[in-house]
Amino acid sequence: MNKHYFVMKLKGHNIFLENFDNEQDVIDSFQIDQNELNDAFILLAWYGYGDYDGSAFVLFERDGKLYEVNGGHCSCYGLEDQWSPEETSASALVHRIKNGNLGTDGYYNNNNFGSELLKILE
């Protein structure tokens, strides 16, 4: 697989859903330094709110590898201090969407990013 396969598949266009509109929203919400995303391309970023809480998912590609970040919070806090990228794979994410509830949990408003994620990964 090409080192930047997913970036090329998206033709350089990121997908930002719900309460993320751009890369700066991700940086601000997680309260990370811009350097955390050096040489990274965000493929998909989603941030949804529930009644008094929120949940976020970010998938990015760096040096041909996929990384995901998950965060959640109650009404007292936000996503700060939760930026902890974990290496993942397309097959693992597809499995979690099709056999689990990644991107399909109905609790958060419009938590349907799983279908968008499958378009990238398959």
Suppose the filter is assigned to a loop (DSSP other than H, G, I, E, B), among the polar types (S, T, N, Q), touching a helix residue (DSSP H, G or I) at 6+ places or on another chain (Cβ under 7 Å) and at pLDDT below 85; does residue 111 pass it? no
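Being of a type in the set (Phe, Trp, Tyr) and within 11 Å of residue 57 (Cα to Cα) is the filter here, so list the residues in the stretch 69-104 that pass it. It would help to see each step written out before you state the result.
So in the stretch 69-104, the residues of a type in the set (Phe, Trp, Tyr) come out as 77, 83.
83, the sole residue that qualifies.
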Could you please let me know if residue 55 is buried (at least 18 other Cβ atoms within 10 Å of the Cβ) and of a type in the set (Ser, Thr, Tyr)? yes
Which of the residues spanning the stretch 35-57 are of a type outside the set (A, V, I, L, M, F, W, C) and either in contact with a Cys (Cβ under 7 Å, 6 or more places away or on another chain) or within 12 Å of residue 83 (Cβ to Cβ) (or both)? 35, 36, 52, 53
Can you tell me which residue in the stretch 58-106 is surrounded by the most Cβ atoms within 10 Å (Cβ to Cβ), limited to those that are in contact (Cβ under 8 Å) with a residue 12 or more places away in the chain and among the aromatic types (Phe, Trp, Tyr)? 60
Would you be able to tell me the number of residues in the stretch 58-95 that are closer than 17 Å to residue 24 by Cβ, in a loop (DSSP other than H, G, I, E, B) and among the small types (Gly, Ala, Ser)? 1
Among the numbered criteria (1) assigned to a strand (DSSP E or B); (2) polar (S, T, N, Q); (3) farther than 18 Å from residue 21 by Cα, which single criterion is violated by residue 55? (3)
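The values are calculated or read from the model by the stated rules, or taken from the named source; none is laboratory data. Keep in mind that what you see is a predicted model, and the values were worked out from it rather than measured. Backbone-built Cβ (ideal geometry, glycine too); neighbour counts: all protein chains shown.
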